[in-house]
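Peer 1: So that we are looking at the same thing, I have put the structure below in structure tokens.
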Amino acid sequence: MKRKMVILGAALTVASLGAAHAGQIDPELQRKMQQNPNGQFEVVVRFRLTQKEKGRQLFQALRKQLRDALRTIEPLTGAARGQANRTAQQALQYAELWLDQSIVLKTSPAIIRTLAILPNVDRIFENFEVRLARPLSATGAAAPTGNPWYLQKIGAQQAWAAGFRGQNVRIGHLDTGIDPNSPEYKGKILSFAEFDDNGNRVANAQARDTQQHGTHTAGLLVGNTVGVAPNARLLSALVLPNGSGTFAQVIAGMQWVLDPDNNSATDDGADVVSMSLGLQGTYDEFVQPTRNMIDAGVIAVFAVGNFGPNAGTTASPGNIPEAIGVGATDQNNQVASFSSRGPVNWTSVISGTFVKPDVVAPGVEITSSFPGGGYGSLSGTSQAAPITAGAVAVMLSARPGSSVDTIKNALYTSATNLGASGKDNTSGYGLVNLPGALAKLGAAAQPAPQPQPTPQPTPQPTPQPTPQPQPTPTPQPQPTPQPQPTPQPTPQPTPQPTPQPQPTPQPQPTPTPQPARKPTLLLVDDDQGFGADVTAALRDILRANATSPLRWDVQTQGPVPLAQLQRAEVVIWAAGESYENTISAQDQNTLRQYLQGGGKLIVTGQDVGFDIGDSDFYRNVLKATFVADSSTTTNVVSSGFIGSRRYVLNAPGSQQNQFYPDVIDANSGATLAATYNTQAVSAQSVRTDPNAQRARVKAAQGGRVRALSASDAGAIVLNDAGRYRTVTMGFGLEGLDPTNRDILVKALFAWLLR
């Protein structure tokens with residue numbers, strides 16, 4: 001984008017501007033002021049504020065901090081001081097964008113430059129135009145008979161049958177307006193507001209649609225026959241009259257739907273916000289208000305744009321990492337050619353390359369309400385976004401009070417994958433699967449979702465939460481040692497095997513090696529938002545055993561740069577419950593370079609071998625062989641370099657998420673440091689897998705068993721390659737209880753650092 005290139009050029013000339021903070025003025029605005037020094041410019045003045053509050057308390061804090069900033073403007077000199085303060089106070093009077101920590105004013109270049117010098121002013125930029133994610137086609141249509149195809153695709157009727165219809169959920173709707181008399185949602189509009197291009201609320205405005213787009217998207221949200229969440233209610237803001245508006249207009253609408261009565265003590269704002277607008281490229285102006293919305297506990301569902309099919313064509317704010325960015329599909333589950341694709345390269349307030357969209361939803365020839373009581377068909381990510389936002393509303397009606405991360409995790413991990421394994425830049429995690437998402441929340445719908453085969457609902461209804469917390473894993477480890485003797489489990493368990501006297505972990509083990517010092521550490525969280533969060537599970541243990549541990553989240557930050565790996569003596573690559581794309585080819589190549597420079601690596605995750613066991617990286621760099629997909633036991637017995645000890649997976653206090661611990665073996669030059677203490681392995685899961693899609697993948701591949709049996713089936717492989725050292729684990733560290741997790745981490749660090 002030309003606009004971003006100008007910013008780079010201006011950064012090189014900041015020193016010539018004559019003021020320490022002159023670089024806070026947007027370079028494009030700077031250029032226009034130089035061309036027209038006597039002109040008037042409508043600008044957004046953003047203040048440098050700090051907010052630590054979360055939830056609705058954030059609204060009050062942002063308002064207070066903004067007003068305090070305006071009251072305590074640092075003294076300037078001469079007449080400019082008084083004029084700047086008067087101008088700021090006038091701006092506050094008519095346009096206070098507290099969600100953005102900014103105000104809007106129309107003033108001269110002299111005042112703009114004066115304001116830029118103030119230490120609490122972060123940035124000044126022009127109030128720029130924002131447009132619809134314009135639909136690709138518009139045609140009239142008859143009222144739908146039965147459930148429209150797009151509702152069937154995402155499994156909406158299954159959710160309704162279970163009683164989840166968006167009840168008690170409020171949806172923020174920012175668009176071209178809304179026809180209040182549509183039979184699809186008449187009586188479902190809680191409140192309406194219109195904003196002008198300065199961000200001022202239009203007094204006494206009556207609900208209306210300046211086009212047809214807003215009425216169409218509103219129907220997809222809460223319509224009786226065309227909506228995903230028919231029992232939800234709308235807070236509708238007209239911010240794009242005739243299809244376009246300004247930044248101030250949009251932000252004013254965003255903060256209004258979050259707190260319509262301007263009183264944070266009353267809980268009357270939106271739970272989820274749907275926006276089908278934006279600009280192609282990365283506009284960091286949208287980042288702060290979007291993050292503030294999410295910090296307040298509100299779920300942001302934004303279209304990624306209609307600029308496809310080329311790569312790198314997404315739009316802001318849908319391409320902001322924390323927002324749910326939505327692409328579009330057709331009736332055949334093909335991603336629409338117009339749907340914007342990733343990757344997204346952020347180089348400003350956000351730094352890194354990110355995969356977008358996050359999910360896709362139907363967006364081709366979608367029939368919904370038109371103004372005047374009619375119906376019409378539109379195509380675009382503008383339609384996919386409200387369909388997804390409606391699905392989120394249904395999820396919230398099933399599990400009220402769920403956090404933003406909980407909803408996102410359920411939505412992403414249940415999506416029906418449409419492309420390469422894992423998340424990709426065309427379809428994200430895949431097609432929205434509402435019954436699957438409800439199952440992730442422990443509120444499964446009764447019938448099977450449309451994109452999934454029949455077996456899915458069987459493990460996922462009411463019984464799903466039961467296996468998770470029940471103490472099944474604890475008794476399992478006790479009988480498991482009985483098959484350890486080679487002949488028969490009944491006669492020989494007590495006298496014969498060495499591990500048998502170890503039912504209590506303390507008596508038998510030899511002292512575990514302790515590291516001489518705490519290493520610098522990088523935790524690479526590559527669980528892709530799937531299942532238990534490995535960062536949350538490992539954070540305390542790593543803080544206790546490492547010096548200032550760093551973290552890199554592959555899902556939100558993209559591939560790990562070599563420079564980031566090189567900051568740490570030890571890298572822990574944690575795949576969690578991921579079973580696809582656990583370590584990408586690009587990341588494998590970067591890890592090779594890190595190791596050749598003398599790095600030390602721990603790979604942990606129950607399906608890394610299942611996923612990349614055929615790769616040269618796994619076989620010849622890690623020096624490990626993938627043997628089988630599941631140990632069929634929860635016992636892990638270590639020996640040698642890392643001490644003699646018996647560990648138990650899925651014990652109380654652990655994440656209890658080890659369903660398919662990989663059976664592995666050491667290649668030439670490496671050492672088997674722990675085994676599952678069994679001589680026979682099979683493809684079955686250790687526990688009943690509540691994830692039906694994963695279970696089907698495993699079954700379809702026959703468990704990916706490389707050998708029908710394994711003598712002393714391996715659990716941990718140590719590889720001392722001279723230049724570098726690696727630890728490859730067939731299970732996830734999060735599968736151990738905190739005490740044993742700490743013991744094992746200490747032992748592994750001691751070996752890596754010796």
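The values are calculated or read from the model by the stated rules, or taken from the named source; none is laboratory data. From a predicted model like this one, the values you see are computed outputs, not experimental measurements. For neighbour counting, all protein chains shown are included, and Cβ atoms are generated from backbone atoms with ideal geometry for every residue, glycine included.
Peer 1: How many residues does the range 598-621 contain that are in contact (Cβ under 8 Å) with a residue 40 or more places away in the chain and more than 19 Å from Asp525 (Cα to Cα)?
Peer 2: Final tally of qualifying residues: 5.
Peer 1: Would you check if there is a residue in the range 7-22 being surrounded by 11 or more Cβ atoms within 10 Å (Cβ to Cβ), modelled with pLDDT of 50 or more and either at positive phi or part of a helix (DSSP H, G or I) (or both)?
Peer 2: Checking the range 7-22: not a single residue is surrounded by 11 or more Cβ atoms within 10 Å (Cβ to Cβ), modelled with pLDDT of 50 or more and either at positive phi or part of a helix (DSSP H, G or I) (or both).
Peer 1: Output the number of residues of the range 513-527 satisfying the condition of being touching a Leu at 6+ places or on another chain (Cβ under 7 Å) and in a strand (DSSP E or B).
Peer 2: Total meeting the criteria: 3.
Peer 1: Which of the residues belonging to the range 613-627 are crowded, with 23+ Cβ neighbours inside 10 Å and either within 31 Å of the chain's Cα centre (by Cα) or among the hydroxyl-bearing types (Ser, Thr, Tyr) (or both)?
Peer 2: Those that are crowded, with 23+ Cβ neighbours inside 10 Å and either within 31 Å of the chain's Cα centre (by Cα) or among the hydroxyl-bearing types (Ser, Thr, Tyr) (or both): Tyr618, Leu622, Phe626.
Peer 1: Might you let me know whether the range 283-302 holds any residue that is modelled with pLDDT under 95, charged (D, E, K, R) and touching a strand residue (DSSP E or B) at 6+ places or on another chain (Cβ under 7 Å)?
Peer 2: yes
Table: residues versus (1) closer than 22 Å to Gly166 by Cβ; (2) modelled with pLDDT of 95 or more; (3) touching a Pro at 6+ places or on another chain (Cβ under 6 Å); (4) surrounded by fewer than 17 Cβ atoms within 10 Å (Cβ to Cβ).
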| residue | (1), (2), (3), (4) |
| --- | --- |
| Ser191 | yes, yes, yes, yes |
| Asp197 | no, no, no, no |
| Ala218 | yes, yes, no, no |
| Leu221 | yes, yes, yes, no |
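Peer 1: Here's a follow-up. I need the strands (runs of 3 or more DSSP E) fully contained in the range 242-337, keeping only those with at least 3 residues that are within 29 Å of Leu418 (Cα to Cα). Break it down stepwise before answering.
Peer 2: Working: elements: 244-246, 272-275, 277-280, 299-303, 324-329.
It comes to 272-275, 277-280, 299-303, 324-329.
Peer 1: Just give me the residues in the range 347-375 being within 16 Å of Pro561 (Cβ to Cβ) and out of contact with any Gly (no Cβ under 6 Å at 6 or more places or on another chain), in sequence order.
Peer 2: Thr347, Ile350, Ser351
Peer 1: With the requirement that a residue be of a type in the set (S, T, N, Q), surrounded by 20 or more Cβ atoms within 10 Å (Cβ to Cβ) and more than 19 Å from the chain's Cα centre (by Cα), what does the range 236-275 give you?
Peer 2: Ser236, Thr246, Gln249, Gln255, Ser264
Peer 1: Out of the residues in the range 720-747 that are part of a strand (DSSP E or B) and either touching a Phe, Trp or Tyr at 6+ places or on another chain (Cβ under 9 Å) or at pLDDT below 95 (or both), state the one that is surrounded by the fewest Cβ atoms within 10 Å (Cβ to Cβ). Break it down into steps so the answer makes sense when it comes.
Peer 2: Applying the first criterion (part of a strand (DSSP E or B)) to the range 720-747 yields 720, 725-729.
Retained after the next criterion (residues that are either touching a Phe, Trp or Tyr at 6+ places or on another chain (Cβ under 9 Å) or at pLDDT below 95 (or both)): 720, 725, 727-728.
Details: Asp720: 16, Arg725: 21, Val727: 25, Thr728: 30.
So the residue we want is Asp720.
Peer 1: Could you grab me the full set of residues in the range 393-422 that are in a loop (DSSP other than H, G, I, E, B) and small (Gly, Ala, Ser)?
Peer 2: Keep residues of the range 393-422 that are in a loop (DSSP other than H, G, I, E, B), which gives 399-403, 415, 417-422.
Within the range 393-422, Gly401, Ser402, Ser403, Ala415, Gly419, Ala420, Ser421, Gly422 qualify.
Peer 1: Pairs please, first residue from the range 389-412 and over 20 Å from Thr217 (Cβ atoms), second anywhere and among the basic types (Lys, Arg), Cβ atoms under 6 Å, 6+ apart in sequence or on different chains.
Peer 2: Ala410/Lys440
Peer 1: Taking Arg543, is it of a type in the set (Lys, Arg) and at pLDDT 90 or above?
Peer 2: no
Peer 1: Give all pairs with beta carbons closer than 7 Å in which a residue from the range 716-727 that is under 19 Å from Ala674 (Cα atoms) meets a residue that is assigned to a strand (DSSP E or B) and among the charged types (D, E, K, R); count only pairs at least 6 apart in sequence or on separate chains.
Peer 2: Listed by first residue and then by second, the contacts come to Asn719/Arg725; Arg725/Lys600.
Peer 1: Let me ask something additional. May I ask you to list the residues in the range 146-194 that are assigned to a loop (DSSP other than H, G, I, E, B), aromatic (Phe, Trp, Tyr) and within 25 Å of the chain's Cα centre (by Cα)?
Peer 2: Once the filter is applied, which keeps residues that are assigned to a loop (DSSP other than H, G, I, E, B), aromatic (Phe, Trp, Tyr) and within 25 Å of the chain's Cα centre (by Cα), the range 146-194 yields only Phe164.
Peer 1: Does Asp587 satisfy the criteria of being among the acidic types (Asp, Glu), assigned to a loop (DSSP other than H, G, I, E, B) and surrounded by fewer than 24 Cβ atoms within 10 Å (Cβ to Cβ)?
Peer 2: Criteria not met by Asp587.
Peer 1: List the residue pairs whose Cβ atoms are under 9 Å apart, where the first residue sits in the range 141-162 and is within 19 Å of Thr217 (Cα to Cα), the second is among the aromatic types (Phe, Trp, Tyr), and the two are 6 or more positions apart or on different chains.
Peer 2: If the second residue must be among the aromatic types (Phe, Trp, Tyr), the pairs left are Ala141/Phe370; Ala141/Tyr375; Ala142/Tyr375; Ala143/Tyr375; Pro144/Tyr375; Ala156/Tyr150.
Peer 1: Mind listing whichever residues of the range 227-249 are among the aromatic types (Phe, Trp, Tyr) and under 17 Å from Pro260 (Cα atoms)?
Peer 2: First pass over the range 227-249, keeping only residues among the aromatic types (Phe, Trp, Tyr): 247.
Residues satisfying the conditions do not exist here.
Peer 1: Using beta carbons and a limit of 7 Å, which pairs, at least six apart or on different chains, have the first residue in the range 543-555 and part of a loop (DSSP other than H, G, I, E, B) and the second one surrounded by 13 or more Cβ atoms within 10 Å (Cβ to Cβ)?
Peer 2: Note: pairs meeting the criteria are Ala546/Lys518; Ala546/Pro519; Ala546/Thr520; Ala546/Leu521.
Peer 1: May I ask you to list the residues in the range 372-392 that are part of a loop (DSSP other than H, G, I, E, B) and surrounded by 24 or more Cβ atoms within 10 Å (Cβ to Cβ)?
Peer 2: First pass over the range 372-392, keeping only residues part of a loop (DSSP other than H, G, I, E, B): 379-380.
Gly380, the sole residue that qualifies.
Peer 1: Related question: Got at least one residue in the range 590-608 being touching a strand residue (DSSP E or B) at 6+ places or on another chain (Cβ under 9 Å), at pLDDT below 95 and among the polar types (S, T, N, Q)?
Peer 2: Yes: one or more hits.
Peer 1: Of the residues in the range 35-53, how many are loosely packed, with under 12 Cβ neighbours inside 10 Å and either modelled with pLDDT under 75 or touching a Pro at 6+ places or on another chain (Cβ under 6 Å) (or both)?
Peer 2: So the count comes out to 3.
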